[in-house]
Each structure stands twice: as structure tokens, then as C-alpha cells.
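The values are calculated or read from the model by the stated rules, or taken from the named source; none is laboratory data. In this text the structure is predicted, and so the values were computed from the model without any measurement. Cβ placement follows ideal geometry from the backbone for every residue including glycine, while neighbour counts extend to all protein chains displayed. Ligands, DNA and RNA are stripped out before the accessible areas are found, and what is left, the full protein with its side chains, is counted by its heavy atoms. Shrake-Rupley method; radii C 1.70, N 1.55, O 1.52, S 1.80 Å.
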Amino acid sequence: MSDTTREKKIEVLSDATILFAGDSGDGMQLTGSQFTLATAYARNDLSTLPDFPAEIRAPAGTTYGVSGFQLHFGSVNIKTPGDEVDLLVAMNPAALKVNLGRLNPEGTIIVNIDAFEKRNLDLAGYDANPLDDDSLQAFRVIRVKLTTLTREALKDFDLGQKEVDRSKNMFALGLALWLYSRPVEPAHEWLEQKFGKKPEILKANLHLLSKGFHYGETTEQFLVQYDVRPAKLPPGKYRAIRGVQALAMGIVAAAEKSGLQIFYGSYPITPASDLLHELSRYKNYNITTFQAEDEIAAVGAALGASFGGTLGITGTSGPGLALKAETMGLGLMTELPMVVVNVQRGGPSTGLPTKTEQSDLLQALYGRNGEAPLPVLATSTPGDCFETAYEACRIAVKYMTPVILLSDGYLANSSEPWLIPDPDDLQPFNAEFITKTNELEGSEAAFLPYRRNEETLARPWAKPGTKGLEHRIGGLEKEDVTGNVSYDPENHQHMTRIRAEKVARVKAEIPPLTVYGDPKGQLLVVGWGSTRGSIESAVDRVRKKGFTVGAVHLRHLNPMAPDLGSILSSFDHGLVPELNDGQLVRILRSDFLLPLHSLCKTAGLPFKASEIVARIEEILS
Amino acid sequence: MSENNNQPKGKPVSLPPRAAKPAGPPKMPPSTGKKPSGPPGVTLPPGKKTAKSGVTRKDFVSDQDIRWCPGCGDYAILATVQRLMPELNVPRENTVFISGIGCSSRFPYYMNTYGMHSIHGRAPAIATGLKASRPELDVWIVTGDGDSLSIGGNHLIHLLRRNVNVQLLLFNNQIYGLTKGQYSPTSEIGKVTKSTPYGSLDHPFNPASVALGADATFVARSMDRDPKHLKEVLKASHTHVGASFVEIYQNCNIFNDGAFFDFTEKESKPRRALLCEHGKPLTFDNDKKGLRLDGYRFEAIDLEGDWSIDDCLIYDETNRGLAGAITRIFFDEALPQPFGIFYREERPNYDRQLHDQIDYVLSKRGEGSLADLLHQGDTWVIEE
Ligand code: SF4
């Protein structure tokens, strides 16, 4: 397209944040993911934040129907989806209204002015058209007749009005791609794949895409075009990955490395359903999926599968975790391996189903009747979901225990460039079944289901179908070694302690923590889960200002890394930022008896790095 | 698809052609034969030829002390099941009993097989996961009226709808025994218990009707006090491929003694219990009385008077409408309470189809490899 390029100033940026926002029917998620793909092709580092409404097709034009996709990309190391938006593409007044607060004070807005008519303004709750008054004065507003231009561009196509109007996101995509000097080829390829069998629609979309691109070149409204140069990423082969995809592949890795069949039982729930969708496609990877009648059946079926010698996994989100609690207790009592994935969302109750939060930590740690400790792990980046899911499976089998794996809505849906891992680098994963009786020395042949491995305290896993190992297990308290029902007071005390000790021994699996930033100094930030990017960005910024600050990020929340205490003692202060009302901080304070600081946010959105920076500065000034 | 398959028309699923076709009209059950419980290719380890090899009831008795109240109907059911086991040609190690919570749910502890005493109401869910991943196992569910019709009602209907290849034995004693005597979802209206000192208000479930309503493919009723009948019904339930629902009237002599005596005791049983047998006329009271259809209603007829055996309805266990009607004779003063196999239908079972589908995907795509999966989609290389 170089032949048509007019002379425009090209300004090179180190990073930029763009937000596409419109009605849920406007195709904003698609536009965002295509822009992401182009950005990956441009070799930038990136991080995305899709933001969906809870309703599938909320009434058009309303603020609660606004769907957004935010992308932060750069030639520098990108760790978050961006604190502030540099370019907002607003398809209608509601999208503008909902997202204006996220805009950088010198930001740019591309608006579809065709959508700024009375009805839409009313629906968005605007008394006056914000394009006509001075309310947007601070920003650069680029007015585009997106609907009109789309209709004009497609007037010779044999398509209905609805189909035409629905394609206007392709025009917007083309324009955005031009503005940031992104390649159009990935979107071309994608369209060809998607509409290969519908040539008219394919042609129309391709046409619009290039119309949008050319519009940027030709219109006088754009004086500059931006460029973001490739990032210096470690060499290797990359792909863009969403957390939920990586998590599913981590499960596939567990199946392949252990040789175990995996059974995934789940009940549809936002945002965990995507994991069921992903795994359902992997039937030829030794994975069986089962959509259960409810959350309880999903976890029950997973545990039944584990009893059968298959690794049972179940996935859910907050309210579902509450429903699964009793069965997790049974899994703990019967000492069977199982993984319970909780893709956290805003709570309590139904809460904010499509928004992110980290407020199920205490539920994961303590939300069961009785003394019921379980290993709890949390993923921290989309790519990290792969390894953490694998680890959760491995620990569950090695220690014969249910394991809770915490992810969240943001991690599940956001994406980043992922250096494709080598499966050979994963820890070995041995799954062993007992095949012979294991009586105590000198006694007659017998299977003792609760005779433990001395190192891990795990009991043996016996597959039904194995002759001579017939045994019964259940939720009633077990006598150690024999597994017989026992109401003996001393045995209960002993078993309570053994179950806790077994989980505590998982510490042996935890590698030393790595401290990001300064290894000692004024303040240590302790984080867990999806806040990693915001925390590390914040640490970078405060260190530039001269503070000595480090950060550790916990994958293992129960038990915790053995060296956490000594790292904490190398700093004057500790800060725990969390997307909840202070859950990890409560545990760390009581475990280490330290006056740790806390930063809490429950807005359904990730931290901005600037929020953490502000808190660090407040503590250190 | 057959015309009368009680389901909305579906699209063909991704299954090899053999399995995609629902079974044709129900056939007469084979009178003997081993239960083909797994998908092709999954074979059971060779079991010993039971009777000849000397496997007996004793082999199925575990070393645990039985903790039911003396005189409880559960003892007779346990003994019947243990007696039946050697006749089924299933190796003990391939047999699994799964239960929920309640008096009846202690059952697995007493069987020297694999077993799990699970959570209140959840045995069908756990058994579904077990069967789905290990279809070659022979799985029995033991549950009670509170366990599977109250707290676990949802799992029961979905197990039956999916037609998971298991046997479900529902011990109905019309009371909560283990919690010391509250009314249950099968207790009669007005029942005075500790939780209903002025009488219960709840309309009770008719378990067989619930099962038929959930499209169960095998529905039967028997009683603790007739071990011979119980054994026959259980044997047939085992032969059936799919979910078998067997309601067993069980006397709780502590909290609800005599709830079914009308139907189970020598003096009244002939008059008050009706044995339904496929292909045979419906008669009772030692063939002195029979049942005929008067329009849509059943009528008891006197075979020693104006009516003869030819006027009696011939029972057909493959007729869903008839099964629905006969099970609606429910504690009816004028008509005898039916027992026996009410309904039997061949329909593909879930666990088998699940594995057929996996096999189909495998045959189309081959075994997946993690390395390939990781590199799928849009990738790019960053050079040194
Ligand atoms: S309470 Fe009733 S059902 Fe339970 S064991 Fe005693 S007699 Fe049997």
C-alpha cells in the first residue's frame, strides 16, 4: 500500500494503550483480538484486557451493554493492559460515557459520530451531545462517520443492511491498524479462514478493512501516524495465548507426562466455562469431559473418576466453589487426587460474573467443614497458567489430595505473547498404582489403603479392577493404616494431624522464591495471582525514583514457600496488594507477626500500576 | 429414530454409525447371559467361572461388623445381594458399590468388593464419573428415599436420563432412619414424626413414577421380605444395559415398623400385592383375582365369578404407557400394589457412547501430541 501513502509524520512510541468499546453486538472483542494478533506480528510485547458485559445481548446503546477490549503494547517490557488509555475507539455514546474515565488526559478518541443521535444519547444518559459541547475539550477527538462510510463502501455488495452495519468494526480495525502502523495480513488471513465459504461476506470484510486503512492515510484528520518498534523479547518461538488456553494445555501436559487419563467434570458458569469448551476439544489427548447437571455433580463425578484411577478435575467460579466444598472434604478424607480450578470473579453471591477479583482465597483455604487443609496454588500470568495447572495435577497425584488452583476472570481472558515451552522442561510426573497387597511385615496378606509413603505421607492409589486390593473408603473418619471406620478419639486427633502434615510436606515441591527488583531494602511487595504485572510495573517505577523495593509473587498459597519469612525480614516494610478486602495480608500478618501494609481494590478491574506506586510512595514518605 | 422414543428430535452426533442409531424397538430381555457392560475393546479381566470355581456368597462378605439395628430389613437385602453376586460372573475386583448417606448407605462397607460411602445424595454423580472413566467396571449404587429422592433428587433423574450403565437400588423405608425418625419424601401425608408432631403436610413421591418420568430404561420394585423375588429382579437389573432403577420396600423396624406389611406379610400379601410379569396375565390373590383395563382405568376382577383369566390384562414391560399406568396404582385401597419389572427399554448408555465418541475422534484425528498442540495456531519466531 506504499504507493498510496501520503506524507505523514511518523512518531515512534515506546508503548501505547488502545481501547475498543461498543455495543456487545458491535464485535469489539473480535476487533480487539485481531488488533492483538497484528501487534504480535509486529513483534511487540503486549497485554490485553477484555471487558464484557454480564448480559449476552444487553439492549443496544445502553451503558450496561458496553463491551470493551483494551490492549497495551510496546517495544518495552509490557506487564499490564495499561493504566490509562491513549486511544479510545468509541462506537456509540454509551461506550464513550463508560470509558472516558480511563482515558489519558492527552488521549485521543475516535468516535462514530453516526451513532451520536438522540436515541443513543438518551440511552447512554447524556442530556446533551458531548461532541457539541466542551466536555471533551481536553482530548483530541476524531470524528468519523463510521456507519455512513461503511454503507458507502459496501453499496455495491449484495448484503442486507444489518450485515452491512455489523461489519463497521472492520473499518474501525483497518483505521486503528493504520494509525499504529500494524500489518493487515493477519486480519486478512483470519477473514479468509473464517469466511472462506461465504465469498460475498469475505469480500465485503476485506474491502472494509482496506477502506479503513486508506481512510487513515487520506483523511486530513490524522496528522501523525504512530509506530511501535519490536520489543526485545527472549529469542524463540512465540504464540499469543489466553490464560484459559494455557490452563487447558497444562492439563493436557499433565495427561501426557503422567500417562493418566484425565476426566474433567464441569457445569457451565462464567468465566470458567471456557475451560470446559477448550478441554472438550481435546478428546484425542486422553481427556474425557463431562457437562454435569450441577456443580456438585461435576465435582462428584471428578472424584468418582479419581477413585477409578483417572485424574478427576473440575472447574468453576466462586459460587460453584461454595457448592463443591462438601465433595472436596470427601476427597480430602478419602485421600484421592483431584484438582479444583476456580476462575475467580467478583463476589459475593452472583456478584460480578464477568469481572475479575481475588476474593476467594479464604474460601479456598478455609471454606470447608472440619479441619480440612488443602494445597492451594494460584496462576499469575496467562502463560503461567500452563505450568501452574501442570503443577496442581502433579501435586494432587503425588500427595493423594485434592488441590485448589486459583485463576481469575482477567487471567482467563487476557492474552500475552508466550514463549512456547518445551514439554521436556516440565518436572517429571510419575503416577503409580499399587498392584499388590501391602500388609505390615509378618502379617497375613492384606491391602491397607491408608498405609502411607513415609516421605510424602500419601496413601497408595488402588485401581478398581486390581485383584486382591478390594477396599472401601468413605467420608467417615478412617483408622490410619487400615482405613476402617473409626470413632476412636485418639485416632481422630492423629488423623487430623496427619492430614495437615501431609499438606505441609508439599513445601518440598516449592522452589526458592525469586525477588523481582531489589533483593533487600525499604519495601517488599508480596503478591499472588493476576496482580503480578501491575506489581512489577510499579516496582520498576518506584525504583526509578530511587526507592529500594522488591517484589515476590506467590504461586503456592498453601503451603507457602519456605523462604518467604527470610525474604520479608530483609525489608523494612511489606505491602500486600490484593483485589479483595485484604485476605492474603491477614494470613501473612498472623503467620509472620509482622505489621504488613495492605492495598485493597474490589472494583472488578485489575490494579493500575500507578495505584500501587502511589501506595508505596505513601508508605515510604 | 423410532417413532415412540419420547424425546425431541435430535441431530446426529459425532459417533460411529453403529452407536449413533438409537436401539430399535425394545426386545425381550435375554433370560441369561453376562452383562456386556463396556465398549468394544474394553474387556474384563478373565473372571473365574463362579459356581464351578467355588466363588460363594462368603467371598463377598467383608470383615466389618454390621451396624444396622437388629431386625432391620437391610440385612435381608444385603444377604440377597451377597447371594446373587457369585451368579453374575463378574470378578469381585471389577465390582464397585457406591452409596450416599443414610442407613442403607452403609452397605458398601459390608461388601468385600471395591466401594465408596460418599456424600448425602451424591452417589449417582460419583458413580457417573466412575463409569464414564472406567466403563468396564460393574457399578452398583445403594441409596435410600431421603438420599436419592430428597437431597440427591437431581442426580437421580440425570443418571436415569443419561442412562449410565449402573444398577441403582433404592431402599425405601419411608422415613429418615439414621437421623432418628423424621418423615421422608416418600412418607404418607399426615405422618406424625419428631419433626412433624401435627402430621406431615408433604405430598409423597411415587419413586417408580419419578424414575419413569426421568425416562429410566429399567424400572422395577421389589421388597426385603421376598428374597427370591428380589434376587430375580436384581439379576434382571444387572442384565439390563443402562441405568436400572430398583425400588426395594425395606422395613425400618425402629422408626417406621410395618410401613409395607400390607404388601409383604403372609396374611395380606396375596390380596394386596400384584406381581407383574412380562407376557403374563395380571392376577393376584392366588389367581383368584385379576386386573383388567376398563377404558383407561384398572379394575380388579373376580376370576371365580363372571371373569376368567382371559379377561386379565397381559403385562408388557416394553410398553411405556402401561408402565406409567400400573405404577400409578399407589397405596390404593381398591387395587393391589404392583411389584416386578415395570419397564425395560434398550437405549444407548451414556458411558458407552462417551467412549465411542472418543474412539471416533481418535480415528479421525489420531492421538494428539502436546508438542503439536503447543505449536498450533499463529506463531512467530524472535531471532537471537
Ligand atoms: S434405623 Fe431403621 S433403617 Fe436404620 S438400621 Fe435401624 S431399622 Fe434399619
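If you go through segment A:392-423, how many residues are away from chain B (no Cβ under 14 Å), assigned to a helix (DSSP H, G or I) and under 30 Å from A:Arg43 (Cβ atoms)? Outline the logic, then answer.
Kept after step one, since they are away from chain B (no Cβ under 14 Å), are these residues of segment A:392-423: A:392, A:394-401, A:403-414.
Checking which are assigned to a helix (DSSP H, G or I) leaves us with A:392, A:394-399, A:409-413.
From what is left, the residues that are under 30 Å from A:Arg43 (Cβ atoms) are A:409-413.
Here the count works out to 5.
Among the residues of segment B:148-176 satisfying the criterion of being within 16 Å of the ligand (Cβ to nearest atom) and outside any strand (DSSP E or B), which is surrounded by the fewest Cβ atoms within 10 Å (Cβ to Cβ)? Reasoning before the result, please.
Taking segment B:148-176 first, the residues within 16 Å of the ligand (Cβ to nearest atom) are B:148-150, B:169-176.
Restricting the remaining residues to those that are outside any strand (DSSP E or B) gives B:148-150, B:173-174.
On the way: B:Ser148: 36, B:Leu149: 23, B:Ser150: 16, B:Asn173: 31, B:Gln174: 23.
Step by step, filter segment B:148-176, then rank; the result is B:Ser150.
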Legend entry - Conditions (1) in contact (Cβ under 8 Å) with a residue 40 or more places away in the chain; (2) open to solvent by less than 30 Å² (accessible area, probe 1.4 Å); (3) within 22 Å of A:Val299 (Cβ to Cβ): number failed by A:Lys398: (2)
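Do we have B:Val90 as in contact with a helix residue (DSSP H, G or I) (Cβ under 7 Å, 6 or more places away or on another chain) and not in a helix (DSSP H, G or I) here?
On the way: in contact with a helix residue (DSSP H, G or I) (Cβ under 7 Å, 6 or more places away or on another chain): no; not in a helix (DSSP H, G or I): yes.
Judged against the criteria, B:Val90 is not a match.
Going by the conditions given, is A:Leu336 part of a loop (DSSP other than H, G, I, E, B), over 17 Å from the mean Cα position of the chain (by Cα) and in the same structural domain as A:Lys398 (by TED's automatic domain parsing)? Before the answer, list the steps.
On the way: part of a loop (DSSP other than H, G, I, E, B): yes; over 17 Å from the mean Cα position of the chain (by Cα): yes; in the same structural domain as A:Lys398 (by TED's automatic domain parsing): yes.
Yes: the conditions hold for A:Leu336.
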Legend entry - Selection count where residues are assigned to a helix (DSSP H, G or I), at the interface with another protein chain (Cβ under 7 Å from one of its Cβ atoms) and of a type in the set (Ser, Thr, Tyr), scope segment B:108-135: 3
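Which of the residues belonging to segment A:455-491 are part of a strand (DSSP E or B) and away from chain B (no Cβ under 14 Å)?
Let us first name the residues in segment A:455-491 that are part of a strand (DSSP E or B), namely A:472-474, A:478, A:481, A:485.
Within segment A:455-491, just A:Val481 meets the criteria.
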Legend entry - Set B:Leu362, B:Leu374: member being buried (at least 19 other Cβ atoms within 10 Å of the Cβ) and facing chain A (nearest Cβ under 10 Å): B:Leu374
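What's the total number of residues in segment B:93-107 that are assigned to a helix (DSSP H, G or I), under 19 Å from B:Asp147 (Cα atoms) and either of a type in the set (Phe, Trp, Tyr) or facing chain A (nearest Cβ under 10 Å) (or both)? Walk me through how you get there before you give the answer.
Of all residues in segment B:93-107, those assigned to a helix (DSSP H, G or I) come to B:93-94, B:104-107.
Now narrow it down to the ones that are under 19 Å from B:Asp147 (Cα atoms): B:104-107.
Those still in the list that are either of a type in the set (Phe, Trp, Tyr) or facing chain A (nearest Cβ under 10 Å) (or both) too: B:105-107.
Adding up the residues that qualify gives 3.
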Inset, instruction - State whether the residues of segment B:327-334 include one that is within 25 Å of the chain's Cα centre (by Cα), surrounded by fewer than 19 Cβ atoms within 10 Å (Cβ to Cβ) and not hydrophobic (A, V, I, L, M, F, W, C). - result: yes
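The rows are residues; the columns are (1) under 27 Å from the mean Cα position of the chain (by Cα); (2) surrounded by fewer than 19 Cβ atoms within 10 Å (Cβ to Cβ); (3) within 24 Å of A:Arg143 (Cβ to Cβ).
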{"position": "A:Leu208", "(1), (2), (3)": "no, no, yes"}
{"position": "A:Glu220", "(1), (2), (3)": "no, yes, yes"}
{"position": "A:Pro234", "(1), (2), (3)": "yes, yes, no"}
{"position": "A:Ala240", "(1), (2), (3)": "yes, no, no"}
{"position": "A:Leu247", "(1), (2), (3)": "yes, no, no"}
{"position": "A:Val252", "(1), (2), (3)": "yes, no, no"}
{"position": "A:Ala255", "(1), (2), (3)": "yes, no, no"}
{"position": "A:Ser258", "(1), (2), (3)": "yes, no, no"}
Legend entry - Pairs with Cβ under 9 Å, 6+ apart, first in segment B:61-86 and within 14 Å of chain A (Cβ to nearest Cβ), second more than 8 Å from the ligand (Cβ to nearest atom) and among the acidic types (Asp, Glu): B:Ser62/A:Glu470; B:Gln82/B:Asp59; B:Met85/B:Asp59
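What helices (runs of 4 or more DSSP H), lying completely within segment A:230-319, carry at least 1 residues that are facing chain B (nearest Cβ under 8 Å) and more than 19 Å from A:Gly331 (Cβ to Cβ)?
Values: elements: A:243-258, A:273-280, A:295-307.
Per the criteria, A:243-258.
How many residues are among the aliphatic types (A, V, I, L, M), within 41 Å of the chain's Cα centre (by Cα) and open to solvent by 20 Å² or more (accessible area, probe 1.4 Å) when one looks only at segment A:482-508? Break it down into steps so the answer makes sense when it comes.
Of all residues in segment A:482-508, those among the aliphatic types (A, V, I, L, M) come to A:485, A:495, A:498, A:500, A:503-504, A:506, A:508.
Restricting the remaining residues to those that are within 41 Å of the chain's Cα centre (by Cα) gives A:495, A:498, A:500, A:503-504, A:506, A:508.
Imposing the further condition that a residue be open to solvent by 20 Å² or more (accessible area, probe 1.4 Å) reduces the set to A:500, A:504, A:508.
Final tally of qualifying residues: 3.
State the number of residues belonging to segment A:35-87 that are aliphatic (A, V, I, L, M), under 15 Å from A:Arg182 (Cβ atoms) and more than 14 Å from every other protein chain (Cβ to nearest Cβ).
Kept after step one, since they are aliphatic (A, V, I, L, M), are these residues of segment A:35-87: A:37-38, A:40, A:42, A:46, A:49, A:54, A:56, A:58, A:60, A:66, A:71, A:76, A:78, A:85, A:87.
Of the ones still in play, those that are also under 15 Å from A:Arg182 (Cβ atoms) are A:37-38, A:40, A:42, A:46, A:71, A:87.
Adding the requirement that they be more than 14 Å from every other protein chain (Cβ to nearest Cβ) leaves A:71, A:87.
Within segment A:35-87, residues that are aliphatic (A, V, I, L, M), under 15 Å from A:Arg182 (Cβ atoms) and more than 14 Å from every other protein chain (Cβ to nearest Cβ) number 2.
Condition check ((1) touching a strand residue (DSSP E or B) at 6+ places or on another chain (Cβ under 8 Å); (2) away from the ligand (no atom under 16 Å from the Cβ)) across all residues:
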site	(1), (2)
B:Ala220	yes, yes
B:Gly242	yes, yes
B:Cys252	yes, no
B:Gly258	no, no
Inset, instruction - Please tell me if B:Leu322 is aliphatic (A, V, I, L, M), open to solvent by less than 70 Å² (accessible area, probe 1.4 Å) and closer than 30 Å to A:Thr288 by Cβ. - result: no
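Is segment B:104-116 home to any residue that is surrounded by fewer than 19 Cβ atoms within 10 Å (Cβ to Cβ), within 16 Å of the ligand (Cβ to nearest atom), closer than 23 Å to B:Asp226 by Cα and at pLDDT 95 or above? Before you say what the answer is, go through the steps one by one.
Within segment B:104-116, the subset surrounded by fewer than 19 Cβ atoms within 10 Å (Cβ to Cβ) is none.
Within segment B:104-116, not a single residue is surrounded by fewer than 19 Cβ atoms within 10 Å (Cβ to Cβ), within 16 Å of the ligand (Cβ to nearest atom), closer than 23 Å to B:Asp226 by Cα and at pLDDT 95 or above.
Yes or no, residue by residue, for (1) within 25 Å of A:Glu256 (Cα to Cα); (2) under 17 Å from the mean Cα position of the chain (by Cα); (3) part of a helix (DSSP H, G or I):
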position	(1), (2), (3)
A:Thr327	no, no, yes
A:Pro348	no, no, no
A:Leu377	yes, yes, no
A:Pro382	yes, yes, no
Inset, instruction - Any residue in segment A:216-230 that's small (Gly, Ala, Ser): show its pairings with residues that are at pLDDT 90 or above and in a loop (DSSP other than H, G, I, E, B) at Cβ separation under 6 Å, as long as the two are six or more apart or on different chains. - result: none
Legend entry - Conditions (1) modelled with pLDDT of 95 or more; (2) within 12 Å of A:Gly61 (Cβ to Cβ): number failed by A:Ile109: (2)
Inset, instruction - Say whether the condition of being within 15 Å of B:Phe331 (Cβ to Cβ), of a type in the set (A, V, I, L, M) and either more than 15 Å from the ligand (Cβ to nearest atom) or within 14 Å of chain A (Cβ to nearest Cβ) (or both) is met by at least one residue in segment B:192-213. - result: yes
Inset, instruction - Would you check if A:Glu416 is touching a residue at least 60 places away in the same chain (Cβ under 8 Å), farther than 24 Å from A:Leu469 by Cα, buried (at least 24 other Cβ atoms within 10 Å of the Cβ) and under 26 Å from the mean Cα position of the chain (by Cα)? - result: yes
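State all residues of segment A:541-555 that are open to solvent by 10 Å² or more (accessible area, probe 1.4 Å) and in contact with a Phe, Trp or Tyr (Cβ under 9 Å, 6 or more places away or on another chain); if no residue qualifies, say none.
Answer for segment A:541-555, where residues must be open to solvent by 10 Å² or more (accessible area, probe 1.4 Å) and in contact with a Phe, Trp or Tyr (Cβ under 9 Å, 6 or more places away or on another chain): A:Thr548, A:His553, A:Arg555.
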Inset, instruction - Just one of (1) part of a strand (DSSP E or B); (2) on the phi > 0 side of the Ramachandran plot trips up A:Gly582, so point out which. - result: (1)
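Yes/no per residue for (1) touching an Asp or Glu at 6+ places or on another chain (Cβ under 7 Å); (2) assigned to a helix (DSSP H, G or I); (3) open to solvent by 60 Å² or more (accessible area, probe 1.4 Å):
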{"residue": "A:Ala138", "(1), (2), (3)": "no, no, yes"}
{"residue": "A:Phe171", "(1), (2), (3)": "no, yes, no"}
{"residue": "A:Gln193", "(1), (2), (3)": "no, yes, yes"}
{"residue": "A:Ala204", "(1), (2), (3)": "no, yes, no"}
{"residue": "A:Glu217", "(1), (2), (3)": "no, yes, no"}
